[in-house]
1. Hey, what number do you get for the chain at 222 nm if only DSSP H runs of n ≥ 4 count, each worth -39500 (n - 2.57), divided across all residues, to the nearest 500?
2. Report the Cα centroid-to-centroid distance between region 70-93 and region 135-202 in angstrom, as an integer.
3. Once amide H atoms are built 1.01 Å from N in the peptide plane, which residues 5 or more positions from Arg192, or in another chain, come under 5 Å H to H?
4. What relative contact order, as a whole-number percentage, does the chain give when Cα pairs under 8 Å and 6 or more residues apart are counted?
5. Among Gln108, Gln116, Gln11, which one shows the biggest mean-square fluctuation in a GNM of the chain, springs joining Cα atoms closer than 10 Å?
6. Which residue, His203, His45, His172, tops the fluctuation ranking in a GNM of the chain built on C-alpha contacts under 10 Å?
7. Cα axis of helix 32-41 to longest principal axis of the chain: angle in degrees, 0 to 90, nearest 10?
8. Run the dipole for the chain about the Cα centre, Lys and Arg Cβ at +1, Asp and Glu Cβ at -1, nothing else charged, and hand back the magnitude in debye, nearest 20.
Amino acid sequence: MGMNDFQKGMQKSMAEAQKIPHFHFADDYDVTAIMQFRDELKQSHQRPPTLTAFLLKSFSNALLEFPILNSLYDPQREFEFTEYASHNITIAVDSPNGLVVPNIKNVQNLSIAEIQAELDRLKKAAEVGRISLKDLTGGTICISNIGSLGTTVTSPVIFPPQICIVGIGKMHVLPRYAVVNGKVDETRLLPRRIITISFGCDHRVLDGATVVRFGNRWKTLLENPAQMVINLR
């Protein structure tokens with residue numbers, strides 16, 4: 001059976017990806033506070049932004065402090081890489097032909113509501129097989145929400161010439177010790193909403209310490225929505 005155009009593109013990209021020296025790691029993020037904030041929005045918004053919209057915006061805010069992750073690498077220029085100021089975040093969207101990978105342009109300049117509008121637009125375009133070439137090109141970094149399919153942890157494969165991809169796992173309600181005034185109270189457990197974030201990175205450009213620091217900053221923004229709001233553009 002012959003491959004369709006989407007499968008041919010995937011084969012080409014993944015064959016190139018196998019040449020990349022990947023390193024992976026995963027960490028748990030507590031999104032209880034951001035989900036509580038979203039629940040509050042339901043009182044004034046008939047359809048509040050999804051968790052994905054908050055993830056994309058907080059991710060972009062963290063990238064402002066770690067711009068090297070938002071880079072492209074050409075192996076023909078062995079000791080050079082190109083950082084991009086535009087956060088054109090590639091996302092995976094289901095379509096009748098399989099997963100397609102459009103990107104949302106200039107996320108650093110978009111509000112959370114505008115990001116949600118772009119997510120809705122791309123989803124509708126994918127459902128009818130009308131993702132444009134403009135939407136499919138120009139991505140600088142990738143987020144794949146595998147949690148929507150029920151998976152918790154992944155080892156994501158980079159989408160070259162990008163150098164970083166992030167997999168978002170399924171949300172679970174798990175017990176965690178209470179934290180009071182910055183101190184852990186080991187006598188009290190509370191239900192928390194937890195997602196696992198999995199990173200795949202190009203070790204030719206990125207080192208583990210830099211990506212971990214980026215992940216910690218992203219985690220801080222998600223776990224403390226007030227900090228994210230202060231930095232919104």
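A short reminder: the numbers here are calculations on the coordinates, not readings from a lab. Since this is a predicted model, take the numbers as computed values, not measurements. Every residue, glycine among them, receives a Cβ derived from its backbone with ideal geometry; neighbour counts consider all protein chains shown.
1. Helices in the chain give a 222 nm mean residue ellipticity of -10000 deg cm²/dmol.
2. So the separation of the two Cα centres works out to 21 Å.
3. Leu174, Arg176
4. 28 percent
5. So, out of Gln108, Gln116, Gln11, the one fluctuating most is Gln11.
6. So, out of His203, His45, His172, the one fluctuating most is His45.
7. 90 degrees
8. 460 debye
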